[in-house]
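Chemist: Quick one: structure below, then a few questions.
The values are calculated or read from the model by the stated rules, or taken from the named source; none is laboratory data. Being a predicted model, the structure only gives us computed values, none of them experimental. Please note: Cβ atoms are built from the backbone with ideal geometry, for glycine as well, and neighbour counts cover all protein chains shown.
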Amino acid sequence: MHCPFCQHADTRVIDSRVSDDGATIRRRRVCEACGERFSTLETIELKLPAIIKSDGRREAFDARKLRASFDRALQKRPVSEEDIEAAVRAVVHQLRMTAERELASLRVGEFVMAELRKLDHVAYVRFASVYRSFEDVADFREELDRLESDHAGEGQLPLLDSPEPPARGRKR
């Protein structure tokens with residue numbers, strides 16, 4: 001690492017500390033030539049795949065867009081910020097684990113839907129209706145029926161009126 005004061009190429013690390021969140025390392029350095037001390041922050045840099053849009057355009061992955069998608073779907077829903085952040089991190093983790101250089105936006109949408117399905121069924125249906133371009137009420141009904149059959153008795157209230165009252169007091 002070059003010294004920011006004299007531009008000498010030889011600096012020595014005299015102290016290293018991990019940050020509170022564990023995501024960065026703060027290193028205290030000293031220049032061998034001028035003796036000045038300075039700090040650097042070291043973070044992991046992992047390249048995420050480029051996103052291929054439905055019209056063929058390619059663009060860099062943008063975590064802000066991902067978070068905005070979650071925020072729109074979860075607007076006015078009883079989901080904590082911590083849960084939303086965890087879901088965003090889970091999608092980013094899945095993107096990294098694909099180990100692909102490019103990824104279709106449809107796959108990203110599938111990752112988002114899987115996380116929303118775990119968080120909140122209403123948000124899931126909101127997102128799915130846009131993502132899958134629902135044309136009419138029948139498309140909503142199909143998705144709701146599929147969701148109810150897949151998640152019968154998981155603790156969330158049913159999306160549609162059902163003849164049986166929801167189970168109460170069941171522990172997960």
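Chemist: Within the set of pairs 6 or more residues apart or between chains, which connect a residue that is farther than 13 Å from Ile44 by Cα inside region 17-32 to a residue that is among the aromatic types (Phe, Trp, Tyr) with Cβ atoms less than 9 Å apart?
Modeler: Every condition considered, the pairs that remain are Arg28/Phe38; Arg29/Phe38; Val30/Phe38; Cys31/Phe5; Cys31/Phe38.
Chemist: Please enumerate the residues belonging to region 22-50 that are at pLDDT below 90 and of a type outside the set (A, V, I, L, M).
Modeler: Matches in region 22-50: Gly22, Thr24, Glu42, Thr43, Glu45, Lys47.
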